[in-house]
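Peer 1: This is the structure I want to talk about, given as structure tokens.
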Amino acid sequence: MSHPTVRGVVVVTRNGDRFDYYQDPFTYQSSHTDSTPLGEVQAYQLGTLLRKEYFDPASANYIHNVRYELVDLDQVHARIKNGGEGRVVFDSTIALLQGLFPPTPENTIELANEMKVTSPLGGYQYVPAETVEPSNDRSLESWTDCPTFEAHVKRFYGSPEFQAAAKSAEPFFHMANDFVFGRPLTLENAVNIYDFMNHQLTHNKTYAHRLPPSLIEQARHWANFHEQGVFSDPSMGGIGNIAGRTLLQSIITSLERITFDGDPLQFLVESTTYQPFISFFAQTEMAKSDPTLKGIPNYASALAIELRRGSLPDNRDFVRFKFKNGTDDDFRTVHVFGHKADIPLTEFIYRVENAAIGSNTEWMKACGASEISNPTPWGMPAVPLLQGRNTKYPFTTGIYGALFAALFMLAVLAGSKFFKRSRRGRIALPTNSEEGLFALPTTEKRLSGL
């Protein structure tokens, strides 16, 4: 029997273009901002590309048995970062989902009176998405309100490397003085300088005509240096990698769910901002083998993590990583931990699981924080949602455990009766269970919209 090549995919995406935005250089608390039509188009184009790559039966990377005409909400899930740039990430995700599952006349229902009704806008598909609130789930924004991370930022600013870079950046700050309109010209503020200049260059014709060509390149260079130092760490489990460490748990759990044949999940979208990309590339040594991965990824970037079944004689599950740096880039294969090919799923999990943070309790311990509203684990639930349209909530540990116990006792009784009736027959009761299936899931908050 042949096995499908691609069993499922986890896609980490960055939001599309937005209006200019401010982040505090020491705490990373941020201002509000909104999407632009350009950003929504970028996200929509990304969704269209992902559909062509993974939901088109003619594609070499088609996910075997995934439903491609109409979305199957048991197979597809989307999680949206709702802190900081949350509104932009939300808008980008909805646009991406529109490209991933466009309107179709097949989104039609026949009523009892034989009348056929198609959903609005030519069969628009309303794809729900889970918003991840930092107040009770830190998996997609773990670096704010984190005292040990703030201490890490201050240490980086005080390091000889940073001080030397600040001196080297002085000529750039001098030239940029007329183009930042009073914003602090310091290396600590480099990401805000670049953000402002980049937005003006894109949306302000007068500014674009006046800005010397080399300044935006220098601004990006110093912003990349700044953010690479803030959101990475020499140790995989270091506090500088906090953005990647909290994302890891959802990635691990989702890959485990995809590889389990009894679980319907096949495609997960993790919609976030640029910070987790930097940390994840540092943690997995991608940036070490490919320096172009260092720094801030472009708007509408995406990292596709494919779970693939290997070919005989080694038909284990392997993980392939593909990165697309914004709208004008194509997906290219990138490698983790010095591998020159796909990495076995078991090895990948073994290497990263100890660095992963999977609950608010673990996040508080890593951050030295003292207060959080929800102490339960977060990220993708280890138990799939119950099947059926009338079912709203996933099993909890207690309910699932009680059900398992009841079924087990019935099996014991049945085996006992059968044994008494037949000396020749034997029934071997199960002696093990799937570990990890009964972890306490998080409660979903589902939203849909145009």
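Peer 1: Quick one: which strands (runs of 3 or more DSSP E) lie wholly within the range 229-337 and hold at least 3 residues that are surrounded by 18 or more Cβ atoms within 10 Å (Cβ to Cβ) and touching a strand residue (DSSP E or B) at 6+ places or on another chain (Cβ under 7 Å)?
Peer 2: Answer list for the range 229-337: 267-272, 302-309, 317-324.
Peer 1: Among all residue pairs at least 6 apart or on different chains, which show Cβ distances below 7 Å where the first residue, located in the range 244-268, is polar (S, T, N, Q) and the second is at pLDDT 95 or above and assigned to a helix (DSSP H, G or I)?
Peer 2: Listed by first residue and then by second, the contacts come to Thr246/Trp363; Thr259/Leu345; Gln266/Ile258.
Peer 1: Next up: Report whether or not Val76 is in contact with a strand residue (DSSP E or B) (Cβ under 6 Å, 6 or more places away or on another chain), over 25 Å from Asp328 (Cα atoms) and in contact (Cβ under 8 Å) with a residue 12 or more places away in the chain.
Peer 2: Criteria met by Val76.
Peer 1: Right, next: Sort through Leu73, Leu140 and tell me the only one that's of a type in the set (A, V, I, L, M) and closer than 22 Å to Ser35 by Cα.
Peer 2: Leu140
Peer 1: Can you name every one of the helices (runs of 4 or more DSSP H) wholly within the range 114-202 that holds 1 or more residues which are in contact (Cβ under 8 Å) with a residue 60 or more places away in the chain and touching a helix residue (DSSP H, G or I) at 6+ places or on another chain (Cβ under 8 Å)?
Peer 2: Where helices (runs of 4 or more DSSP H) fall fully within the range 114-202 and carry at least 1 residues being in contact (Cβ under 8 Å) with a residue 60 or more places away in the chain and touching a helix residue (DSSP H, G or I) at 6+ places or on another chain (Cβ under 8 Å), they are 147-158, 160-168.
Peer 1: Would you call Gly84 under 17 Å from the mean Cα position of the chain (by Cα), at pLDDT 95 or above and surrounded by 19 or more Cβ atoms within 10 Å (Cβ to Cβ)?
Peer 2: Taking the combined requirement at face value, the residue does not satisfy it.
Peer 1: Related question: Which of the numbered conditions does Glu110 fail, given that it passes all the others? Conditions: (1) modelled with pLDDT of 95 or more; (2) charged (D, E, K, R); (3) surrounded by 12 or more Cβ atoms within 10 Å (Cβ to Cβ).
Peer 2: Glu110 satisfies all of (1) modelled with pLDDT of 95 or more; (2) charged (D, E, K, R); (3) surrounded by 12 or more Cβ atoms within 10 Å (Cβ to Cβ) except (3).
Peer 1: To continue, here is another question. Taking the conditions exactly as written (touching a Gly at 6+ places or on another chain (Cβ under 7 Å) and of a type in the set (Val, Ile, Thr)), does Ile258 satisfy them or not?
Peer 2: In short, yes.
The values are calculated or read from the model by the stated rules, or taken from the named source; none is laboratory data. Small disclaimer: the values here were computed from a predicted structure and weren't measured. With ideal geometry, Cβ positions are generated from the backbone for all residues, glycine too; neighbour counts draw on all protein chains shown.
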